[in-house]
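The values are calculated or read from the model by the stated rules, or taken from the named source; none is laboratory data. What you see is a predicted model; the values in this text were computed from it and never measured. Positions of Cβ are generated from backbone atoms using ideal geometry, with glycine treated the same way; all protein chains shown enter the neighbour counts. Calculation scope for accessible area: heavy atoms of the full protein, side chains included, ligands and nucleic acids excluded. Shrake-Rupley method; radii C 1.70, N 1.55, O 1.52, S 1.80 Å.
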Amino acid sequence: MLFHVKMTVKLPVDMDPAKAARLKADEKELAQGLMREGTWRHLWRIAGQYANYSVFDVPSVQALHDTLMRLPLFPYMEIDVNPLCRHPSSIRDDDS
Ligand SMILES: O=C(O)C[C@H]1C=CC(=O)O1
């Protein structure tokens, strides 16, 4: 199942910079692992915002929820989820 996910990161302005750097490094490591295994299909920065548009490929809604909750930045993100299905006019066979 494919899901379009918008993540907007809202770190507290008074967060310790070392803690923020650690969270971002841990997030990057987990995100890149999920990309390598094919769960996190796309990751795009939204220009001008500390936010991204992503596409996740997971077996269920529960799996998506569990994956998002594992993200180190999860407590500091607003997350919007939209389920995706094939568009009848799409010329792509592989959903890429
Ligand atoms: O920077 C972000 O958009 C938040 C998050 C998503 C991947 C990652 O490494 O950080």
Selection within region 54-70 - open to solvent by 90 Å² or more (accessible area, probe 1.4 Å) and either among the polar types (S, T, N, Q) or at pLDDT below 95 (or both)
Q62
Tell me which residues, restricted to region 71-96, are of a type in the set (D, E, K, R) and surrounded by 10 or more Cβ atoms within 10 Å (Cβ to Cβ).
E78, D80, R86, D95
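Please specify each residue of region 59-96 satisfying the condition of being within 16 Å of the ligand (Cβ to nearest atom) and either among the β-branched types (V, I, T) or free of Cβ contacts under 8 Å to residues at least 40 places away in the same chain (or both). Can you show your working first?
So in region 59-96, the residues within 16 Å of the ligand (Cβ to nearest atom) come out as 64, 67-81.
Residues satisfying the conditions are T67, M69, F74, P75, I79, V81.
Among the residues of region 41-53, write down those that are open to solvent by 40 Å² or more (accessible area, probe 1.4 Å) and touching an Asp or Glu at 6+ places or on another chain (Cβ under 9 Å).
Step one: list which residues in region 41-53 are open to solvent by 40 Å² or more (accessible area, probe 1.4 Å), which gives 41-45, 47-50, 53.
Scanning region 41-53 gives a single hit, R41.
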In region 18-40, which residues are under 17 Å from H4 (Cα atoms) and either exposed (fewer than 15 other Cβ atoms within 10 Å of the Cβ) or touching a helix residue (DSSP H, G or I) at 6+ places or on another chain (Cβ under 8 Å) (or both)?
L34, M35, G38, T39, W40
Condition (residue is near the ligand (Cβ under 9 Å from one of its atoms), assigned to a strand (DSSP E or B) and within 19 Å of Y76 (Cα to Cα)) applied to region 9-28: is it met by at least one residue?
yes
In region 31-48, what count of residues is obtained for those that are part of a loop (DSSP other than H, G, I, E, B) and near the ligand (Cβ under 9 Å from one of its atoms)?
1
